[in-house]
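The structure appears right after this line, and notes come after that.
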Protein chains: 2
Amino acid sequence: MTNPVLVEVLRGAIVESAHRGAVAVFDADGKPFLEIGDATRPVFPRSAVKAIQALPLVESGTADAYGFGDRELALACASHSGEPVHVELATAMLAKAGLDRTALECGAHWPSSHDATIALARAGGSPNALHNNCSGKHSGFLCTCVHSGIAHQGYVKAGHAFQEMVRDAMQSVTGVAHDADNSATDGCSIPTYAVPLKNLALGFARMATGRGFAPERAKAANRLLSACMAEPFLVAGTGKADVALMQAAPGRIFVKTGAEGVYCAAVPELGLGIALKCDDGAARAAEVMVASVLAKLLRADEALAAKLSEFARPPIESRIGAKVGLLRPTAARN
Amino acid sequence: MTNPVLVEVLRGAIVESAHRGAVAVFDADGKPFLEIGDATRPVFPRSAVKAIQALPLVESGTADAYGFGDRELALACASHSGEPVHVELATAMLAKAGLDRTALECGAHWPSSHDATIALARAGGSPNALHNNCSGKHSGFLCTCVHSGIAHQGYVKAGHAFQEMVRDAMQSVTGVAHDADNSATDGCSIPTYAVPLKNLALGFARMATGRGFAPERAKAANRLLSACMAEPFLVAGTGKADVALMQAAPGRIFVKTGAEGVYCAAVPELGLGIALKCDDGAARAAEVMVASVLAKLLRADEALAAKLSEFARPPIESRIGAKVGLLRPTAARN
């Protein structure tokens with residue numbers, strides 16, 4: 001099936017570009033609440049599932065042993081902007097395991113925050129693996145390896161004992177087999193597995209409610225999502241959509257972006273998980289889509305829904321800062 | 001109509017994202033050579049028509065009066081990367097008219113070249129209007145105003161005497177009315193008008209052949225396209241697709257990218273103009289589309305077609321530089 005146009009890009013009064021996509025909203029029992037487009041098509045969730053990938057960090061006892069609180073757990077679930085606070089916290093996490101950035105196997109890139117890039121360049125610096133948006137996740141991985149007595153070298157590779165722990169968690173939470181035939185390699189070198197949107201939505205409904213989980217897992221999942229909602233800046237960074245959305249309703253909305261136009265999210269009070277993908281991989285459209293879906297789910301809270309709806313209509317500005325267009329969600333198709 | 005998927009993004013062996021679009025290839029008499037998807041839908045060509053917008057610079061006698069050669073004309077048609085050579089040449093063009101960067105009304109942004117941004121920051125600098133990718137075009141605009149005795153203040157605004165010259169050229173070359181009801185504002189503050197792809201393709205076939213033009217216009221068009229093909233680096237910058245494509249067959253291929261997934265191009269030896277748009281506005285897909293179409297048009301030159309086909313299959317790399325996927329054109333639908 002062809003997914004519907006969910007986001008329009010207007011310049012003046014004319015639609016200049018359009019984004020198609022699919023959305024799945026499910027509860028923890030696997031009951032659909034909302035499906036738009038093809039919610040059964042497998043998609044690579046990329047960084048949107050970092051909270052699930054962080055379950056071993058908590059369940060292995062590593063987080064407790066190293067004294068990790070909301071800040072460290074939020075960073076372990078983050079696609080951060082490489083700002084100084086992110087870099088310093090990842091450094092501190094690694095130090096707890098007796099490691100430094102040379103243990104990271106995620107590769108380096110300039111901070112995704114433009115301002116942080118300029119500041120780093122002005123200070124005469126260059127990026128290292130700590131600036132990689134995934135360095136918090138990888139620091140959590142490395143800490144878990146060390147605490148669990150797993151040799152950390154090659155921890156990013158499919159088949160490594162630690163990646164098997166992550167794969168087990170992903171399979172169990174989403175209810176879908178993660179095998180070689182639905183896998184590829186993520187930008188930070190770990191495996192990523194294509195999972196139907198509906199299973200990702202189900203997985204985040206479980207993460208948000210603990211329903212269907214053993215008590216230990218339910219507690220770990222709650223701790224991770226609560227940490228992200230308590231410290232949204234550490235999950236992303238200055239000016240990022242995830243920060244704005246989680247700050248819009250503290251403790252009530254969990255969102256996490258993934259590369260190529262993916263979002264996973266949850267609304268614990270409604271017991272619902274959300275997964276969506278923009279077909280073409282555009283982050284700008286995925287942000288509009290998730291804000292629009294959240295506004296719909298939370299419409300009973302009119303002030304919050306209005307704030308979310310406004311976020312779903314970001315302006316497009318010229319280089320002198322004049323508003324020349326906007327993005328907007330199309331009429332719901334479901 | 002729904003445009004077909006023209007570009008797939010693969011991660012491993014799985015299609016992660018997909019881009020739809022439309023392509024028009026026409027000759028200078030308006031005869032279609034290739035149409036994929038809806039070639040009649042109006043699109044904002046954005047920066048892809050800078051060569052047409054530069055016609056007044058040549059036709060007014062400004063280029064000759066100021067001694068502008070291929071380098072200055074290429075920069076007047078450019079979406080440049082804000083590298084030092086671009087900034088210096090725009091400065092020199094303005095100086096011929098007795099102006100400096102304070103006359104530019106395009107606004108400032110950091111160089112679109114990441115390396116140029118880092119170098120500027122390391123040198124303690126900040127961007128100004130000369131770094132705007134459109135500063136060459138705007139310098140040409142300002143020179144034309146001064147040489148023609150038109151007060152340059154407000155030269156970016158619809159209705160300004162100079163913008164009327166640009167609008168006349170656009171209407172005449174594309175054969176489509178440019179009115180308030182198909183206009184909006186471009187990122188650099190000048191008007192942009194939605195034009196059917198087929199008319200843009202026709203326009204660039206005319207630009208490349210001079211067919212249907214008065215002799216003066218034919219000469220000006222040839223001079224502008226020849227300048228771009230002679231100095232492709234000045235039309236774009238380090239690592240840019242337009243440079244690679246024009247350097248692949250010097251003097252035989254003209255290409256110019258525009259924001260939101262647009263390309264205009266021409267193959268003078270075939271008498272054909274090309275216009276295409278990726279529906280969702282993605283530059284990465286538009287680059288694959290234009291390279292793929294050029295490979296098809298120029299398939300008689302097997303070595304060149306192979307080079308263009310390779311360009312249409314760019315790798316996706318992880319942060320450690322491993323190849324983890326690629327973009328590729330889908331089978332042609334026409």
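Relative contact order, percent, of chain B when contacts are C-alpha pairs under 8 Å separated by at least 6 residues? Could the numbers behind the result be given before it?
Details: 730 pairs, mean separation 82.7, N = 334.
Averaging sequence separation for qualifying contacts and normalising by length gives 25 percent for chain B.
For chain B, what is the mean residue ellipticity at 222 nm derived from helices alone (per DSSP H run of n ≥ 4: -39500 (n - 2.57); sum divided by total residues; nearest 500 deg cm²/dmol)? Walk me through the numbers on the way to the answer.
Working: 14 runs with 136 residues, N = 334.
Calculated at 222 nm, the ellipticity per residue is -12000 deg cm²/dmol.
GNM on chain A, alpha-carbon springs under 10 angstrom: the most fluctuating residue among A:ARG122, A:ARG217, A:ARG313 is A:ARG122.
Computed from Cα atoms, the angle from the helix A:135-148 axis to the main principal axis of chain A rounds to 30 degrees. Along each principal axis, taking the top coordinate minus the bottom one, the Cα set of the stretch B:5-89 gives 55, 38, 18 Å in descending order.
When the residues A:MET207, A:MET1 are ordered by accessible surface, computed with a 1.4 Å probe over the protein chains alone, the sequence from largest down reads A:MET1, A:MET207.
Total Å² of accessible surface buried at the B-A contact, 1.4 Å probe, nearest 100?
Working: alone 13530 and 13570 Å², together 23640 Å².
Approximately 3500 Å², summed over both chains.
Across all directions, the shadow cast by the convex hull of the protein assembly as shown built on its C-alpha atoms averages 28.1 square nanometres.
Can you sort A:ARG206, A:ARG328, B:ARG46 by 1.4 Å-probe accessible area, starting with the largest?
Details: A:ARG206 50, A:ARG328 90, B:ARG46 20 Å².
Final ranking, largest accessible area leading: A:ARG328, A:ARG206, B:ARG46.
In this calculation the C-beta distance from B:ALA331 to A:ASP115 is compared with R0 = 35 Å, giving a FRET efficiency of 0.20.
With coordinates expressed along the principal axes, the C-alpha atoms belonging to the stretch B:246-334 extend over 43, 29, 26 Å, beginning with the largest.
GNM on chain B, alpha-carbon springs under 10 angstrom: the most fluctuating residue among B:LEU270, B:LEU130, B:LEU55 is B:LEU270.
Debye-formula intensities of the stretch B:87-135, expressed as log10 I(q)/I(0) at q = 0.14 Å⁻¹, are -0.34 (one equal scatterer per alpha-carbon, no solvent). For the stretch B:18-41, accessible area lost to neighbouring protein chains reaches 40 Å² or more, against the chain alone with a 1.4 Å probe, at B:ARG20.
Label reach from A:ASP301 (point 7 Å along Cα→C-beta): in the stretch A:175-208, amide nitrogens under 17 Å belong to A:208.
Go through B:ILE320, B:ILE14 and list them by solvent-accessible area, largest first, probe radius 1.4 Å.
Details: B:ILE320 105, B:ILE14 40 Å².
Ranked list, largest accessible area first: B:ILE320, B:ILE14.
Computed with a 1.4 Å probe over protein heavy atoms only, the accessible surface of the stretch A:92-191 comes to 37 Å² per residue. At a 1.4 Å probe, what is the % contribution of carbon and sulfur to the accessible area of the stretch A:181-297? The nonpolar share, carbon plus sulfur, comes to 51 percent.
Any idea what the dipole of the stretch A:231-289 comes to, in debye rounded to 20, about its Cα centre with Lys/Arg Cβ at +1 and Asp/Glu Cβ at -1?
The dipole magnitude comes to about 100 debye.
Put the Cα centre of the stretch A:96-149 next to the Cα centre of the stretch A:227-241 and the gap is 17 Å. Take every Cα-Cα pair in the stretch A:51-124 and report what % of them are more than 17 Å apart. So the pairs more than 17 Å apart make up 50 percent of the total in the stretch A:51-124.
Across peptide B:112-119, the average count of Cβ atoms from other chains found within 10 Å of a residue's Cβ is 2.
Once the gyration tensor of the Cα atoms in the stretch B:163-231 is diagonalised, the equivalent ellipsoid follows with semi-axes of 22, 14, 11 Å, ordered largest first.
Applying the Kirkwood pairwise sum to the alpha-carbon positions of the stretch A:55-191 produces a hydrodynamic radius of 15.4 angstrom. Rounded to the nearest 20 debye, the dipole size of the protein assembly as shown about its Cα centre is 360 debye, using +1 on the Cβ of Lys and Arg and -1 on the Cβ of Asp and Glu.
Simple spin-label estimate for A:SER126 and A:THR2 gives 4.9 nm between the two label positions (7 Å along the Cα-to-Cβ direction from each Cα).
Restricted to Cα atoms, the stretch B:1-50 shows a radius of gyration and a Dmax of 14.3, 45 angstrom.
When the alpha carbon coordinates of the stretch A:113-240 are projected onto the principal axes, the ranges are 50, 32, 30 Å, largest first. With point charges of +1 on the Cβ of Lys and Arg and -1 on the Cβ of Asp and Glu, referenced to the Cα centre of the stretch B:90-233, which listed residue (B:ALA92, B:THR209, B:GLY149) lies farthest in the positive direction of the dipole? The Cα lying farthest towards the positive end belongs to B:THR209. Taking only alpha carbon atoms, chain A gives an Rg to Rh ratio of 0.96, where Rh is the Kirkwood radius. Packing-based ranking of A:168-174, A:272-278 yields A:272-278, A:168-174, ordered from highest to lowest mean Cβ neighbour count within 10 Å.
The values are calculated or read from the model by the stated rules, or taken from the named source; none is laboratory data. These numbers come from a predicted model, not from an experiment. As a convention, Cβ positions derive from the backbone with ideal geometry for all residues, glycine included, and neighbour counts pool all protein chains shown. Heads up: the accessible areas ignore ligands, DNA and RNA and are worked out on the full protein's heavy atoms, side chains in. Shrake-Rupley method; radii C 1.70, N 1.55, O 1.52, S 1.80 Å.
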